[in-house]
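Here the structure is laid out as structure tokens; the discussion comes afterwards.
The values are calculated or read from the model by the stated rules, or taken from the named source; none is laboratory data. Because the structure is predicted, anything quoted here is derived from the model rather than measured. Please note: Cβ atoms are built from the backbone with ideal geometry, for glycine as well, and neighbour counts cover all protein chains shown. When the accessible area is computed, the model is the full protein with side chains, heavy atoms only, and any ligands, DNA or RNA have been set aside. Shrake-Rupley method; radii C 1.70, N 1.55, O 1.52, S 1.80 Å.
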Amino acid sequence: MNKLFCDVLIFGAGIIGASLALRLAKSGIKVIIVDHTPPVPMKKKTAYSSCCY
């Protein structure tokens, strides 16, 4: 099992959780998002498709 380390753990990847995670990550804070549904794969490679899931 791999250990994950973060500064902030966010439960829920809805609009609020995702917005908060983005803002914190842009500030240099290590963030992990936990959600009950898997992320939707992006068909086209964009600037946002390099996120870690």
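Okay, here's what the table says:
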read-out: Where a residue in the stretch 5-20 is touching a residue at least 40 places away in the same chain (Cβ under 8 Å) and its partner, wherever it lies, is open to solvent by less than 50 Å² (accessible area, probe 1.4 Å), with Cβ under 7 Å and at least six apart; value: none
read-out: Those residues of the stretch 1-18 which are in a loop (DSSP other than H, G, I, E, B), of a type outside the set (Gly, Ala, Ser) and surrounded by 13 or more Cβ atoms within 10 Å (Cβ to Cβ), in sequence order; value: none
